[in-house]
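Trainee: Just passing along the structure, written as structure tokens.
The values are calculated or read from the model by the stated rules, or taken from the named source; none is laboratory data. Because the structure is predicted, anything quoted here is derived from the model rather than measured. Cβ placement follows ideal geometry from the backbone for every residue including glycine, while neighbour counts extend to all protein chains displayed. Surface areas here come from the heavy atoms of the whole protein model, side chains and all, with no ligands, DNA or RNA. Shrake-Rupley method; radii C 1.70, N 1.55, O 1.52, S 1.80 Å.
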Amino acid sequence: IGKTSRSTPATYLGVWDEIRALFAQIPAARMRGYTASRFSFNTEGGRCETCSGQGVIKVQMNFLPTSYLPCPDCHGKRFNPATLEVLYNGSSIGDVMGMTIEQATEFFAAIPRVHRPLKLLCETGLGYLQLGQASPTLSGGEAQRMKLVTELVEGVSRSETARLRLMEAKSTLYLLEEPTIGLHMADVVLLLEVLHRLVDGGHTVVVIEHNLSLIADADYLIDLGPEGGAGGGEIVAQGTPEDVARSRRSRTAPFLKKLFKG
């Protein structure tokens, strides 16, 4: 997931085009001749030109880090007053951008193409992110989960298309490195559910991980060691988590045993 200043969770999930098209169909927008491009903060016409649709003003400071201040004209809404006058269920396009993903999931409950991807993000523990949050502000773990959900949404669409055409859906190999870093245990459980969905969809997921909960939930383990760095690199044990837990050489085995007993 590329972290550009004009990218947001909405654009990565592909729901931003759906939201813009929805606002363009509102009677007030059609009467004014607004198209979907009017509701894009990346193009001229509907966006606030003072901040170029960013909602903030970049302030360069000598000998100090760059600062960002709320735009004095749009006050963080990203769009000009005329665009913000078009309302869907009482909210403008600027209000929607300021919603959390959890709020937007409920707000767009009647729009399946928007609701489904947002609901998946909530299920991975990312419901607290703003729909219009700039991608450079996302942590590595958040960006990785965002990419996972994007792949899951695309995978579901490909599977449905293949099923309708009586074709075999293509499978994908996913290689993840430490996806649980910085996650609360409750979020690890949500991440596991997403990984299981990918596997159930016929895909292969390979995870490099030290989190015991994720290790214990794997279908197959390859334990490398016995030490780190120059003292490692050997396959110490492999098999199901239960097989590895019985290994006498594995440094992971005692911790897995303790986890299984618990």
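Trainee: Which whole-number percentage describes the relative contact order of the stretch 4-48, with Cα contacts under 8 Å and a sequence gap of 6 or more?
Mentor: 25 percent.
Trainee: Now a separate question. Using a 1.4 Å probe and counting only protein heavy atoms, arrange Asp217, Asp200 so the residue with the most accessible area comes first. Could the numbers behind the result be given before it?
Mentor: Details: Asp217 65, Asp200 130 Å².
From most accessible down to least: Asp200, Asp217.
Trainee: To continue, here is another question. Can you work out the base-10 log of I(q)/I(0) for the chain at q = 0.13, 0.17 1/Å, using the Debye formula on its C-alpha atoms alone?
Mentor: -0.93, -1.26
Trainee: Another question, then. Positive end of the dipole of the chain, charges at C-beta (+1 Lys, Arg; -1 Asp, Glu), about the Cα centre: which of His196, Pro27, Gly228 has its Cα farthest in that direction?
Mentor: My answer, from the dipole projection, is Pro27.
Trainee: Round to the nearest 0.05 the FRET efficiency obtained for Val56 and Asp17 when R0 = 35 Å and r is the Cβ-Cβ distance. If you can, show how the numbers build up before the last one.
Mentor: Values: r = 24 Å, r/R0 = 0.68.
Calculated transfer efficiency: 0.90.
Trainee: Principal axis extents for the stretch 42-191, Cα atoms only, whole Å, descending order, please.
Mentor: Largest first, the stretch 42-191 extends 54, 40, 26 Å along its Cα principal axes.
Trainee: Rounded to the nearest 10 degrees, what's the angle between the helix 15-24 long axis and the longest principal axis of the chain, both from Cα atoms, 0 to 90?
Mentor: Helix 15-24 sits roughly 20 degrees off the main axis of the chain.
Trainee: Further, regarding this structure: Assuming a ≥ b ≥ c are the square roots of the Cα gyration tensor eigenvalues, decide whether the stretch 187-262 counts as rounded (a/c under 1.5), prolate (otherwise, with a/b larger than b/c) or oblate.
Mentor: Verdict is prolate for the stretch 187-262.
Trainee: Compute the separation of the alpha-carbon centres of the stretch 56-119 and the stretch 184-262 and state it in Å as a whole number.
Mentor: Their Cα centres are 40 Å away from one another.
Trainee: Further question on the same structure: Can you tell me how the stretch 69-136 classifies by the Cα gyration tensor, rounded, prolate or oblate, using a/c under 1.5 as the rounded cut? Display every interim value, and only then the final one.
Mentor: Values: a/c = 3.15, a/b = 1.45, b/c = 2.16.
Oblate, because a/c is 1.5 or more while a/b does not exceed b/c.
Trainee: With label points built 7 Å along Cα→Cβ from the Cα atoms of Leu224 and Asp95, find their separation and express it in nm.
Mentor: Between Leu224 and Asp95, the simple spin-label model gives 5.2 nm.
Trainee: I would also like to ask the following. Taking the Cα-to-Cβ direction at Arg248 and at Val206 and moving 7 Å from each Cα, how far apart do the two end points lie in nm?
Mentor: Label-label distance for Arg248 and Val206, simple model: 3.1 nm.
Trainee: Here's another thing I want to ask about it. Return the sequence-ordered ³J(HN,Hα) values of the stretch 114-130 in whole Hz as given by the Karplus equation 6.51 cos²θ - 1.76 cosθ + 1.60 applied to θ = phi - 60°, using x for Gly and Pro.
Mentor: Coupling constants for the stretch 114-130: 9, 5, 4, x, 5, 5, 5, 5, 4, 5, 9, x, 9, x, 7, 5, 7 Hz.
Trainee: Label Ala110 and Ser213 with points 7 Å out from Cα along Cα→Cβ: what is the distance between them in nm?
Mentor: 3.7
Trainee: For Thr172 and Thr240, what is the calculated FRET efficiency with R₀ set at 30 Å and r taken between the beta-carbons, to the nearest 0.05?
Mentor: Plugging the Cβ-Cβ distance into 1/(1 + (r/R0)^6) gives 0.80.
Trainee: Skipping prolines and chain starts, which residues have an amide H placed within reach, meaning under 5 Å, of the one on Ile26, given they are 5 or more residues away or on another chain?
Mentor: Amide H to amide H, under 5 Å and 5 or more residues apart or across chains, Ile26 pairs with nothing.
Trainee: Moving on to the next point. Would you work out what percent of the accessible area of the stretch 7-113, with all protein chains in place, is carbon or sulfur (probe 1.4 Å)?
Mentor: After summing per-atom areas, the C and S share lands at 54 percent.
Trainee: Let's test the formula: R0 of 45 Å, r as the Cβ-Cβ distance of Leu259 and Ala82. What FRET efficiency results, to the nearest 0.05?
Mentor: The value I calculate is 0.15.
Trainee: Let me ask you something else. Run lengths n ≥ 4 of DSSP H only: what is the helix-derived mean residue ellipticity at 222 nm for the chain, with -39500 (n - 2.57) per run over all residues, to the nearest 500?
Mentor: -12000 deg cm²/dmol
Trainee: If pairing requires two Cys Cβ atoms under 4.7 Å apart, which cysteines of the chain are left without a partner?
Mentor: Here Cys122 come out as lacking a disulfide-compatible partner, given the Cβ-Cβ threshold of under 4.7 Å.
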